[in-house]
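Student: Structure in structure tokens, see below.
The values are calculated or read from the model by the stated rules, or taken from the named source; none is laboratory data. What you see is a predicted model; the values in this text were computed from it and never measured. Quick reminder, even Gly has a Cβ in these numbers, built from the backbone with ideal geometry, and neighbours come from all protein chains shown. Just so you know, the surface numbers come from the protein's heavy atoms only, side chains and all, with ligands and any DNA or RNA stripped out. Shrake-Rupley method; radii C 1.70, N 1.55, O 1.52, S 1.80 Å.
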Amino acid sequence: MSGLEQMKPVNLNVIVIHAQNQLIKNPNPQLLNPLLGLLKNSQDAFFLYNQMLSHPFSHNHYTFTHALKACSSLHARSKGLEIHAHLIKSGHYVDLFIQNSLLHFYCHVGNDVVSASRVFESIPSPDVVSWTSMVSGLSKCGFEAEAIRKFSAMDVKPNAATLVSALSACSGLKALGFGKAVHAYGLKSMIDGNVIFDNAVLDLYAKCGSLVNAENLFVKMSKRDVISWTTLVMAYAQGGHCEEAIAVFKRMVLEGEAEPNEATVVTVLSACASMGALSLGQWVHSYIDTRCDLVLDGNIGNALLNMYAKCGDMQMGFRIFNMLVHKDVITWGTVICGLAMNGHGKQAVQIFSHMLIQGVPPDDVTFIGLLSACSHAGLVNEGIMFFKAMRDTYCIAPQMRHYGCMIDMYGRAGLFEEAEAFLRGMPVEAEGPIWGALLQACKIHGNENMSEWIRGHVNNKNVGIGTLALLSNLYASSERWDDANKVRNTMRGVGLRKLAGCSWIELDMSTNRLDSNLCVA
């Protein structure tokens, strides 16, 4: 048994001492090289590397590959560049194993695909590892199209890792056709039962919205892990099929093939929130409580808070909020938006004050919640103050939703002159929802003059079916049938048709009562 095998790499200081003793007593590179990867402190790792270089018999060409791997894991870009320069000067650069290590280093530290491409082009005969590093690196760095071109240009047979990288690029581009071709090639190459490959194909179908293919593949997979199940849950949830997403999650729990992880739980809670399915969300909550490894904090805590807020149970939402130890900007923004959408505007403003006291800087979502709260609670002065603070104090550029909240706020308060002035001062052209909010205010307050002004602006614009339908209904309520029919004819002329509304109703739902004296932890 070697000295390295006898070691118990628990204490890093022990590793450093062992390495120093090894350099003195037996400077064997086969024993020293693995130590470079065990040291998690860059100062210790590269001190050992420098010491090995100073002893002629304590390093070999494998030393540089181990050192480059250490650079990748420790994100030590400057040291990697130094090693690259040394390799060129010493003549070790011609070794294909070392060149592949350099490729991996440049692709995974700093996402330097330019340097990686230069290294790749300098290799006379790239092997499958070289090609895979380039395809993977380009895909991970956001150059998916170039990754697919590189994959198509391969002059060696790809392996499973290459195909997974190509599939990842196809997922990013939603290139379903090419992805199917890669899938077929993998099947012909007898890559069967490889759960990583199958998960990559499953992710492709999920990202491209091909749910039938995703379900068929999932059923046929000989091996499935937590990633397989979570990908299918995400596929249904992101495709708007929230009931199916919850059903898959229930199957996952009941069948016990794989345990849901944080990503699975967060996804299914999001599906419950989208449906307003409180009882299903409560069932997921009870499942979380049975798992001691799923901590009710961070992403899970925020997802649970969001579910209760969107399902209208702010009393329970506040209990979750107070239980969370680490409240980040998402936590505060979620509770503020939840209060706003459930009609507790004044409490939302109070919570924002607590947020500032805790030293958490707001983001754009926080201000959407605040402005919405001010709109529904009639807090016009406060809304104007928050909008100015967002733009001038926090340097957050207003987006269309922020402008929409302001117009809605002015409209609900009957301040049409202020709404018109705000619209004229907007640096961007108003979209359909903004005109719709103003039209709704006109309907509430009976302001036909403003309706005419809005009609002049929405004509010949792509404002959306909802806005045109609202304008037509506004004319109809005033018995202006000719004008109403003109708007309807315009909708028919461009092929627009309003979809029928639908609602999700749960029986025996607890009342949405929120105490006025909120207690914030």
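Student: On each of the three principal axes of the Cα atoms of the range 236-275, give max minus min coordinate, whole Å, ordered largest first.
Tutor: Result, largest extent first: 26, 17, 13 Å.
Student: Debye calculation, C-alpha points only, no solvent: report log10 I(q)/I(0) for the range 267-308 at q = 0.15, 0.31, 0.33 Å⁻¹, in the same order as the q values.
Tutor: -0.29, -1.13, -1.22
Student: Considering the alpha-carbon set of the range 239-310 alone, what are its Rg and its Dmax in angstrom?
Tutor: Spelled out, the Cα radius of gyration and Dmax of the range 239-310 are 11.1, 32 Å.
Student: Ranked by accessible surface with a 1.4 Å probe, highest first, in what order do Cys141, Cys374 come?
Tutor: Details: Cys141 30, Cys374 0 Å².
Putting Cys141, Cys374 in descending order of accessible area: Cys141, Cys374.
Student: A further question follows. Once you treat every alpha carbon in the range 298-398 as an equal point and sum by Debye, what is log10 I(q)/I(0) at q = 0.11, 0.14 Å⁻¹?
Tutor: Summing over Cα pairs of the range 298-398 leads to -0.29, -0.47.
Student: In sequence order, what are the phi-derived ³J(HN,Hα) couplings for the range 269-283 according to the Karplus relation 6.51 cos²θ - 1.76 cosθ + 1.60 with θ = phi - 60°, rounded to whole Hz, with x for glycine and proline?
Tutor: Per-residue couplings from phi come out as 5, 5, 5, 4, 5, 5, 8, x, 8, 5, 5, 5, x, 5, 5 Hz.
Student: Can you tell me the equivalent ellipsoid semi-axes for the range 200-321? Use √(5λ) from the Cα gyration tensor, largest first, whole Å.
Tutor: Values for the range 200-321, descending: 25, 15, 11 Å.
Student: Additional query: Using the per-residue mean of other Cβ atoms lying within 10 Å as a proxy for protection, in what order, highest first, do the peptides 226-234, 320-328 fall?
Tutor: On the way: 226-234: 23.2, 320-328: 16.6.
Highest to lowest by the protection proxy: 226-234, 320-328.
Student: Per residue, how much accessible area does the range 349-442 have with a 1.4 Å probe, in Å²?
Tutor: Numbers: 4330 Å² over 94 residues.
Per-residue accessible area for the range 349-442 comes out at 46 Å².
Student: Sticking with this structure for a sec: So for the range 80-130, considering every pair of alpha-carbon atoms, how many percent are separated by more than 14 Å?
Tutor: Numbers: 586 of 1275 pairs.
That tail contains 46 percent of the Cα-Cα pairs.
Student: Hey, how many Å between the Cα centroid of the range 93-144 and the Cα centroid of the range 184-225?
Tutor: Centre-to-centre (Cα) distance: 27 Å.
Student: With an 8 Å cut-off on Cα pairs and a minimum separation of 6 or more residues, tell me the relative contact order of the range 94-225 in percent. Spell out each step's value before the answer.
Tutor: Numbers: 154 pairs, mean separation 22.9, N = 132.
Value for the range 94-225: 17 percent.
Student: Average the reciprocal distances over every distinct pair of alpha-carbons in the range 144-186, invert the result, and give the Kirkwood radius in Å. Please list the in-between numbers first.
Tutor: Numbers: mean 1/r = 0.0989 Å⁻¹.
About 10.1 Å, per the Kirkwood formula over Cα pairs.
Student: Just the accessible area for Glu82, please: 1.4 Å probe, Å², rounded to the nearest 10?
Tutor: The accessible area comes out at roughly 100 Å².
Student: Amide H of Glu259: which non-local residues (sequence gap of 5 or more, or other chain) have their own amide H closer than 5 Å, using H built in the peptide plane?
Tutor: Residues meeting the amide H criterion: none.
Student: Looking at the P(r) of the range 49-189, how many percent of alpha-carbon pairs lie beyond 24 Å? Walk me through the numbers on the way to the answer.
Tutor: Values: 3399 of 9870 pairs.
Tail of the P(r) past 24 Å holds 34 percent of the pairs.
Student: At 1.4 Å probe size, with no ligands or nucleic acids counted, give the accessible surface of Lys310 in Å², nearest ten.
Tutor: 100 Å²
Student: In terms of the Cα gyration tensor, with a ≥ b ≥ c the square roots of its eigenvalues, is the range 348-438 rounded because a/c is under 1.5, prolate because a/b exceeds b/c, or oblate?
Tutor: Working: a/c = 2.18, a/b = 1.56, b/c = 1.40.
The shape class here is prolate.
Student: Using a 1.4 Å probe on the protein heavy atoms, what percent of the accessible area of the range 87-239 belongs to carbon and sulfur? Could you put the intermediate results ahead of the total?
Tutor: Working: 4060 of 6920 Å².
Roughly 59 percent, rounded to a whole number.
Student: Follow-up question, since we're still on this one. Normalised by the number of residues in the range 263-390, what is the relative contact order in percent for Cα pairs under 8 Å and 6+ residues apart? Before the final figure, lay out the partial values.
Tutor: On the way: 166 pairs, mean separation 24.5, N = 128.
Relative CO of the range 263-390 lands at 19 percent.
Student: Which value does Rg/Rh take for the range 125-265 over its C-alpha atoms, Rh per Kirkwood?
Tutor: Numbers: Rg = 15.4 Å, Rh = 15.5 Å.
Ratio of gyration radius to Kirkwood radius: 1.00.
Student: Report Arg319's accessible area, 1.4 Å probe, all protein chains in place, as a number in Å² to the nearest 10.
Tutor: Using a 1.4 Å probe on the heavy atoms, I get roughly 150 Å².
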